[in-house]
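The values are calculated or read from the model by the stated rules, or taken from the named source; none is laboratory data. Remember, predicted model here, so these are calculated numbers, not experimental data. When we count neighbours, we look across all protein chains shown, and the Cβ atoms used for this are built from the backbone with ideal geometry, even at glycine. In case anyone asks, the SASA skips ligands and DNA or RNA and just uses the protein heavy atoms, side chains included. Shrake-Rupley method; radii C 1.70, N 1.55, O 1.52, S 1.80 Å.
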Amino acid sequence: MSDTLLPLLKKLLSLSGLSAYEAPVREVIAEAWQPLVDELSVSRLGSLHGLRRGQGAEPRRRILLAAHMDAIGMMTTQVVDGLLRFTEIGGIDPRILPGQPVIVHGRRELPGYVVQPADRLLPKALRGKPVPMSHLLVDVGLPADEVAELVRPGDLISFAQPPIELGETVLAGHSQDNRASVTAVTACLQELQHMRHAWDVWAVATAQEEETLGGGFTSPFEIRPDLCVAIDVTFARGPGVSSDQRTFPLGKGVTLGWGPNIHPALFEAFQTLAKQQDIPFHLEVMPRHSGTDAYATQIVAEGIPSIVIGIPLRYMHTPVELVSLKDIRRAGHLLAEFIATLQPDFMNEITWDKANE
């Protein structure tokens, strides 16, 4: 990974930017993309749009790279005797929460911890079992009257663990889903600085993917691209799932989605290119909703041919998500090479029925 990408990813993993509240992370992404694109803008929903113009004759075809920037987290629901009750933003397994450091975004930022009552104080049916979120609390260590002044229902709570390098190629941290993919798009834009490409490239850090797919619907509607690529994380193999066909090895290549959200001709084009470029990849079967922005981009307007590129990630939707830096770089390289191969008449060559013959 380049000297700039690793510091960027670490910075992205140190920010909040929860779903629908992406401003803190959007500002950092905009700073990273500004020298790599010709125009930057923010959609009405809060997605970041970066346009890198192609060298082809106008009107040029457009490809959209969608990587969501929002993160999972929590929201305060009640302040009781100086302790905070909360609910989830995104999807969180409550088993991983007790003991986690957090930041409460109240009238000022307050460090705290997720805590649970002593086992003997829980309802009898819960004793000796994982504690559900309804019984967990956040403690910021301040007097009750001060907490009541500083925190209100609706205030956000984000994870606070700093990113940690594990060996030479693996990075752990919260919000890798999906800031690892934002970093891959950044790597693509960096490579395109030294490549000719006929098509316009729209790099989009989408908002609200974890809750509404809002950016996945609205940004393509505004931009009207000819093709969309959703870059997201997928499940890497880990404890208890070493032979599960729905998981993929960490650090051994990206995934290419295959299913109803994926245009088969676009899949074939990426698969052929990956083989030509000797980029390791795995087929990821997506028989239903892909769980990514591609579900949205595919059905915008008259329908936009879409594909999903996945970066294997271990411990998804936890504060200790693990990704391989090699896979981030591979995803960025595959995107750049594909864009460089796109010719003005590419859309004339792909049809749904022809690809399935």
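Just a few scattered comments:
- Of the helices (runs of 4 or more DSSP H) contained entirely in the stretch 305-357, those carrying at least 2 residues that are of a type outside the set (Gly, Ala, Ser) and at pLDDT 95 or above fall at 325-341.
- All positions within the stretch 219-253 that are in a loop (DSSP other than H, G, I, E, B) and open to solvent by 70 Å² or more (accessible area, probe 1.4 Å): ARG224, ARG237, PRO239, GLY240, SER242, SER243, GLN245, ARG246, LYS252
- ARG26 being among the charged types (D, E, K, R), open to solvent by 20 Å² or more (accessible area, probe 1.4 Å) and in a helix (DSSP H, G or I): yes
- Residue that is nearest to ALA207 (Cα to Cα) [pool: residues in the stretch 256-291 that are touching a Gly at 6+ places or on another chain (Cβ under 8 Å) and part of a loop (DSSP other than H, G, I, E, B)]: SER290
- Total residues in the stretch 234-268, condition among the charged types (D, E, K, R) and under 17 Å from SER306 (Cα atoms): 1
- Residue within the stretch 75-94 that is more than 17 Å from the chain's Cα centre (by Cα), surrounded by fewer than 16 Cβ atoms within 10 Å (Cβ to Cβ), modelled with pLDDT under 95 and within 28 Å of THR169 (Cβ to Cβ) present: yes
- The requirement of being touching a residue at least 12 places away in the same chain (Cβ under 8 Å) and open to solvent by 30 Å² or more (accessible area, probe 1.4 Å) is not satisfied by ARG127.
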